[in-house]
Amino acid sequence: MSEKAARINRLFVGRCAMETSIISTASDKTVQIEELKAFIRKQRDGREVKKALAVKLLYQGYQYVSVVSILDVSLGAIHEWKQLYEASGVAGFQPNHQGSKGYLSESQKAAVLGWLKQKDIWTLGELEYHLASEYEVTYASKQSYYDLFEAAAISWKKTSKVNPKGDAEVVSAKKQLSKAAWHATTRR
């Protein structure tokens with residue numbers, strides 16, 4: 001076989017192999033797209049759905065720039081999500097962050113709840129002062145203090161008597177007067 005024929009043969013074999021890999025890649029992408037569609041249908045976490053949707057759009061032939069404008073995310077994020085999917089499958093879409101560490105440990109929280117149960121009436125200032133002085137904890141939101149009150153079964157909402165300024169005699173006299181005063185049943 002001449003050198004020219006050998007080169008043509010190598011090109012032909014290489015081209016056939018490339019076409020075969022393109023066909024298998026296309027069928028792989030079809031399988032991956034179906035997997036992503038199923039994941040998107042059943043998933044409830046919007047962050048994971050957005051990641052899966054970005055990768056699905058890329059596999060469907062959308063350009064990165066189009067996906068960026070459709071989903072309003074950065075190019076780097078889309079690239080990272082695609083790499084995560086190719087490395088780990090749909091498990092790669094799960095958020096990796098663990099959240100922030102709580103201000104009080106479980107034992108400290110139990111101690112604070114025990115402290116709160118010592119009295120029936122507390123002010124927010126007392127709780128704030130106790131946490132700041134004993135545990136060096138100051139919450140940014142008042143809701144965190146309210147949550148502690150609730151956990152200790154203490155109502156933090158201000159209670160008031162029903163109409164504390166009301167005079168029972170005046171109210172009953174007014175009721176009697178209104179009974180006798182107007183009883184119009186038809187419109188004029």
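The values are calculated or read from the model by the stated rules, or taken from the named source; none is laboratory data. None of the values given here were measured: they were computed from a predicted structure. Using ideal geometry, Cβ is built from the backbone for each residue, glycine included, and neighbour counts are taken over all protein chains shown.
When Q98 is tested against (1) closer than 30 Å to F149 by Cα; (2) touching a His at 6+ places or on another chain (Cβ under 9 Å), just one condition goes unmet, and that condition is (2). Take the conditions more than 30 Å from E34 (Cβ to Cβ), of a type in the set (D, E) and modelled with pLDDT of 90 or more and apply them to E106. Does it pass? It is true that E106 is more than 30 Å from E34 (Cβ to Cβ), of a type in the set (D, E) and modelled with pLDDT of 90 or more.
The set of residues in region 100-134 being among the charged types (D, E, K, R), assigned to a loop (DSSP other than H, G, I, E, B) and farther than 13 Å from A152 by Cβ consists of K101 alone. Here is the figure for region 135-183: residues that are among the hydroxyl-bearing types (S, T, Y), modelled with pLDDT of 75 or more and in a loop (DSSP other than H, G, I, E, B) total 4. The single condition among (1) under 22 Å from the mean Cα position of the chain (by Cα); (2) under 30 Å from F149 (Cα atoms); (3) assigned to a helix (DSSP H, G or I) that G92 does not meet is (2).
The rows are residues; the columns are (1) surrounded by 14 or more Cβ atoms within 10 Å (Cβ to Cβ); (2) of a type in the set (G, A, S); (3) closer than 30 Å to E134 by Cα.
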| position | (1), (2), (3) |
| --- | --- |
| K50 | yes, no, no |
| V55 | yes, no, no |
| Y59 | yes, no, no |
| Q63 | no, no, no |
| D72 | no, no, no |
| H79 | no, no, no |
| A87 | no, yes, no |
| F93 | yes, no, no |
| K109 | yes, no, yes |
